[in-house]
1. Which numbered condition in (1) closer than 25 Å to S14 by Cα; (2) assigned to a loop (DSSP other than H, G, I, E, B); (3) in contact with a Gly (Cβ under 8 Å, 6 or more places away or on another chain) is the only one that L379 fails?
2. Anything in region 389-400 that is in contact with a strand residue (DSSP E or B) (Cβ under 8 Å, 6 or more places away or on another chain) and either open to solvent by 30 Å² or more (accessible area, probe 1.4 Å) or more than 16 Å from the ligand (Cβ to nearest atom) (or both)? List them, or say none.
3. May I ask you to list pairs of residues, at least six apart or on different chains, whose Cβ atoms are under 6 Å apart, with the first in region 375-386 being among the β-branched types (V, I, T) and the second being open to solvent by 10 Å² or more (accessible area, probe 1.4 Å) and near the ligand (Cβ under 9 Å from one of its atoms)?
4. Here are some conditions: (1) over 30 Å from the mean Cα position of the chain (by Cα); (2) open to solvent by 50 Å² or more (accessible area, probe 1.4 Å). N632 meets all but one. Which one does it not meet?
5. When you check E233 against the structure, is it touching a residue at least 24 places away in the same chain (Cβ under 8 Å) and among the acidic types (D, E), yes or no?
6. Return the residue satisfying two criteria in turn: it lies in region 560-591 and is open to solvent by 50 Å² or more (accessible area, probe 1.4 Å), touching a strand residue (DSSP E or B) at 6+ places or on another chain (Cβ under 7 Å) and not in a helix (DSSP H, G or I), and of such residues it is nearest to G262 (Cα to Cα).
7. Yes or no: region 410-418 includes at least one residue that is within 13 Å of the ligand (Cβ to nearest atom), of a type outside the set (S, T, N, Q), open to solvent by 20 Å² or more (accessible area, probe 1.4 Å) and farther than 17 Å from V16 by Cβ.
8. Quick check, is G550 open to solvent by less than 20 Å² (accessible area, probe 1.4 Å), at positive phi and either over 19 Å from the mean Cα position of the chain (by Cα) or hydrophobic (A, V, I, L, M, F, W, C) (or both)?
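The values are calculated or read from the model by the stated rules, or taken from the named source; none is laboratory data. From a predicted model like this one, the values you see are computed outputs, not experimental measurements. Note that each Cβ is placed from the backbone with ideal geometry, even for glycine, and that neighbours are counted across all protein chains shown. Protein only, heavy atoms only, side chains kept; ligands, DNA and RNA dropped before computing areas. Shrake-Rupley method; radii C 1.70, N 1.55, O 1.52, S 1.80 Å.
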Amino acid sequence: MTAPPDEHREPPSSFVEQANLRDRTICEEFEANWPGCWEQAADVLDWHREYDQVLDESNAPFYEWFCGGELNASYNCLDRHIEAGRKNHAALKWEGKRRETRTYTYQDLSHEVNEVAAALRDLGVGEDDVVTLYLPMIPELPIAMLACARIGAPHSVVFAGFSADALATRMESATSEYLITCDGYYRRGNAFNQKSKADNALMELDNDVTTVVVDRLGEELDHTLDERQYDYEDLLIAHAGARVSPVARDGEDMLFLMYTSGTTGEPKGVTHTTGGYLSYAAWTARTVLDVKPEDTYWCSADIGWITGHSYTVYGPLALGTTSVIYEGTPDYPDRSRLWEIIERNAVDVFYTAPTAIRAFMKWGEQYPESHDLSSLRLLGTVGEPINPRAWKWYYTHIGNESCPVVDTWWQTETGGIMITTLPGVNTMKPGSAGPSLPGIGARVVSEDGSTIEAGEAGYLVIDRPWPGMFRTLYGNDDQYVHEYWDRFSVDDEWVYLTGDGATVDEDGYITVLGRVDDVINVSGHRLGTMEIESAIVGVSGVAEAAVVGGNHETNGTAVYAYVSTDHSQEPSEALEARITDAVEDTIGPFARPEDVIFTPELPKTRSGKIMRRLLENIANHEPLGDTSTLRNPEVVGEIEAADRKE
Ligand code: WTA
């Protein structure tokens with residue numbers, strides 16, 4: 001998949017000259033001084049109390065970083081920039097769906113964060129109480145995150161596109177008794193009711209929940225407030241001018257949890273800490289994304305996912321830069337929207353996903369060409385493998401061949417970027433993410449855990465801890481160990497399993513091939529096949545379901561659902577609609593299957609296990625390989641025929 005050597009690119013010298021990191025010996029330095037090298041990351045922050053130990057491995061794989069240190073994330077993202085005389089510098093630039101714009105200076109942001117923090121305290125939120133945030137891309141989302149951080153209440157942001165059921169499950173799992181949501185938001189120009197989804201979720205919960213509602217749509221959408229529901233604006237007025245001193249948090253205290261999909265049906269609460277996570281998000285934003293305080297920086301990911309947490313909110317604001325937030329989609333009101341935002345704001349660094357780049361390619365270069373993109377200095381991508389063709393298009397048509405492109409591999413669990421080229425140092429090889437970052441031990445191993453030869457495919461693992469790593473799964477230490485550390489660890493040599501497959505070349509460049517577990521990645525949304533399957537088998541008339549990822553031109557991967565019906569039901573369009581609706585209700589519209597393929601039976605091994613690999617091959621029209629181990633080989637032809645009919 002990696003481009004041939006004549007298509008490799010060196011970082012432009014104009015970039016190298018100004019790069020935050022251009023020291024070619026950094027990898028050796030980090031190796032020679034590991035884990036002490038990570039003090040460099042901790043030094044990006046201001047600590048209320050200095051730490052006395054960089055890493056404590058005594059309870060591995062429950063690692064602790066920067067032990068004994070105390071700090072506050074909102075202080076690091078706000079107060080310290082104001083104290084440094086930068087109160088009038090823009091912190092957030094918000095671009096609304098309907099072309100409204102709002103700019104918050106560090107002073108403005110600090111004001112509102114303090115008021116919200118005071119209001120939350122008044123509503124009863126204490127240190128360590130989990131506050132759930134269910135908000136679209138509006139400034140109140142990062143404001144609420146920082147307000148929680150200020151009072152030491154971990155936030156759990158649930159992506160606004162999730163369904164009521166999904167919100168309820170996450171709130172229940174986190175025993176969260178506080179929710180911040182909004183009346184609604186615009187989706188493709190139409191008012192969309194978010195509060196009714198939130199209210200439905202609250203009805204499913206046993207405990208009482210205190211809710212704050214942001215009025216995003218004003219008169220466009222009426223809403224009423226029930227008991228225990230408060231209007232955000234009213235709370236601001238009631239707490240106008242309030243100051244809340246930032247709570248000193250232990251470095252290891254939880255900053256937030258973020259639910260993500262895994263191989264079981266239940267979402268997992270990935271927990272991140274205040275010291276390690278924030279240091280790592282800020283350090284990687286500085287070294288990889290080259291963020292500088294005077295930049296205008298734009299990461300287009302939704303804040304409801306980890307990328308937005310680390311690289312729209314925490315990393316950039318800890319560095320005191322200007323971070324752009326865009327509420328809308330790239331093609332509304334037209335396909336020039338992103339390029340128009342870049343031109344108008346003179347964006348320096350742009351970070352997006354391959355799925356978006358593939359869509360831009362399809363639309364054509366006339367859209368970016370009609371805008372002045374010369375402010376751009378660096379481009380980044382994240383979320384899925386990027387193929388060399390899309391990489392080159394991005395490099396040429398957006399970056400004008402003068403911006404390095406960083407293809408950054410990481411996960412919700414890793415907290416920040418792990419594998420990439422350093423833009424001021426490394427040669428770029430389109431299609432390959434790059435080497436491990438300095439101090440990061442990414443390797444590719446075979447089934448038995450031994451390191452594989454260059455060019456062969458294997459499991460991507462990380463063999464050393466790093467500051468940004470998650471510390472556990474919320475309330476489930478056993479699953480944390482079992483799911484991530486059991487597979488390849490030997491004695492006390494702990495090896496973290498990423499769940500991805502990869503190859504590595506002679507230069508140590510890693511090409512990520514995709515998930516090797518039951519997780520599929522649709523347009524950068526991470527979905528568990530089990531979660532989707534359990535939604536489908538809940539539909540009456542469905543006997544069995546198997547969900548796989550199949551190649552999709554724009555989204556990279558799409559969800560294909562193979563379904564067999566029970567005696568009571570014949571396959572029908574109505575049943576198909578009930579199935580897709582069920583997925584939408586349990587998870588959200590983004591998880592809807594691209595296709596539902598009815599089959600009399602699912603292919604199974606003799607021991608009764610569904611052969612997903614085979615279904616994947618069918619979905620991708622690939623050769624089927626050996627089907628002799630199947631209990632019911634005759635079913636394969638029937639599924640292929642059904643698939644072709646679609
Ligand atoms: C995939 C998103 C190839 C991978 C930050 C990983 C990538 C999953 C890349 C994590 C990349 C992320 N190249 N694949 N540059 N970046 N992935 O938790 O499969 O939403 O395991 O975190 O996305 O998705 P998550």
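1. (2)
2. I398, G399
3. So the pair list comes out as T381/D407; V382/T307; I386/D407.
4. Every listed condition holds for N632 apart from (2).
5. No, not satisfied.
6. D566
7. Step one: list which residues in region 410-418 are within 13 Å of the ligand (Cβ to nearest atom), which gives 410-418.
From what's left, of a type outside the set (S, T, N, Q): 410, 413, 415-418.
Still in the running and open to solvent by 20 Å² or more (accessible area, probe 1.4 Å): 410.
Next, only the ones that are farther than 17 Å from V16 by Cβ stay: 410.
Yes, there is a match, as at least one residue in region 410-418 is within 13 Å of the ligand (Cβ to nearest atom), of a type outside the set (S, T, N, Q), open to solvent by 20 Å² or more (accessible area, probe 1.4 Å) and farther than 17 Å from V16 by Cβ.
8. On the way: open to solvent by less than 20 Å² (accessible area, probe 1.4 Å): yes; at positive phi: no; either over 19 Å from the mean Cα position of the chain (by Cα) or hydrophobic (A, V, I, L, M, F, W, C) (or both): yes.
In short, no.
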